[in-house]
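What follows is a set of notes on a single structure, which appears directly below.
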Amino acid sequence: MTMGSTRRTVLTTGAAGTAALLVGCGGGNGGDSGEETSPGDAGTGGAGEELAGTADIPVGGGRIFEDQKVVVTQPQEGDFKAFSAVCTHQGCIVSGVSDGTIDCACHGSKFKITDGAVVRGPATRPLPAEEIKVSGNSIQLA
């Protein structure tokens, strides 16, 4: 074997191994890819889809809609907000809303229910806002 052939074999094998490792570790709920997801990674259901009634969202709290990947909060009476339910750290779906924060159980990130801002990392970017429409007692995706 020549030196170039050995080096080429090592480089090719190393690249294939790296690709397999990245595929095995990337994406999904709680994957440890080491990279944060971008706001565009969150998908939601169709516009006009009813998520809940206004009475279903507690004042000072919120509710997670996993299928639509949206969390709806009501920071103050009658003030409804919506954010992506996909944590900006590594793409887990947030797990709960309590004490004024949207919480991710995967790595402990917390976000404000008022604007999606990071309260506690490891996430460094806020949850992106989602569009909703409140019509009467109904909350719908916009």
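The values are calculated or read from the model by the stated rules, or taken from the named source; none is laboratory data. As the structure is a computational prediction, the values presented were derived from the model and not from experiment. Please note: Cβ atoms are built from the backbone with ideal geometry, for glycine as well, and neighbour counts cover all protein chains shown. Remember, those area values only see protein heavy atoms, side chains included, never the ligands or the DNA or RNA. Shrake-Rupley method; radii C 1.70, N 1.55, O 1.52, S 1.80 Å.
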Considering the stretch 120-132, residues that are touching a residue at least 24 places away in the same chain (Cβ under 8 Å) and part of a strand (DSSP E or B), and then whichever is surrounded by the fewest Cβ atoms within 10 Å (Cβ to Cβ), we arrive at 129
The correct count of residues that are assigned to a strand (DSSP E or B) and farther than 12 Å from residue 132 by Cα in the stretch 66-79 is 3
Selection over the stretch 106-127 where residues are closer than 24 Å to residue 55 by Cα and either in contact with a Phe, Trp or Tyr (Cβ under 9 Å, 6 or more places away or on another chain) or among the small types (Gly, Ala, Ser) (or both) yields a count of 5
Among residues of the stretch 50-95 being among the polar types (S, T, N, Q) and free of Cβ contacts under 8 Å to residues at least 40 places away in the same chain, the residue farthest from residue 124 (Cα to Cα) is 76
Those residues of the stretch 70-119 which are of a type in the set (Gly, Ala, Ser), open to solvent by 10 Å² or more (accessible area, probe 1.4 Å) and in contact with a strand residue (DSSP E or B) (Cβ under 8 Å, 6 or more places away or on another chain) amount to 95, 96, 98, 100, 105, 108, 117
Sole miss for residue 44 among (1) at pLDDT below 95; (2) farther than 19 Å from residue 134 by Cβ is condition (2)
message = Whether any residue in the stretch 49-65 is under 11 Å from the mean Cα position of the chain (by Cα) and either of a type in the set (Ser, Thr, Tyr) or assigned to a loop (DSSP other than H, G, I, E, B) (or both) is what I want to check.
response = no
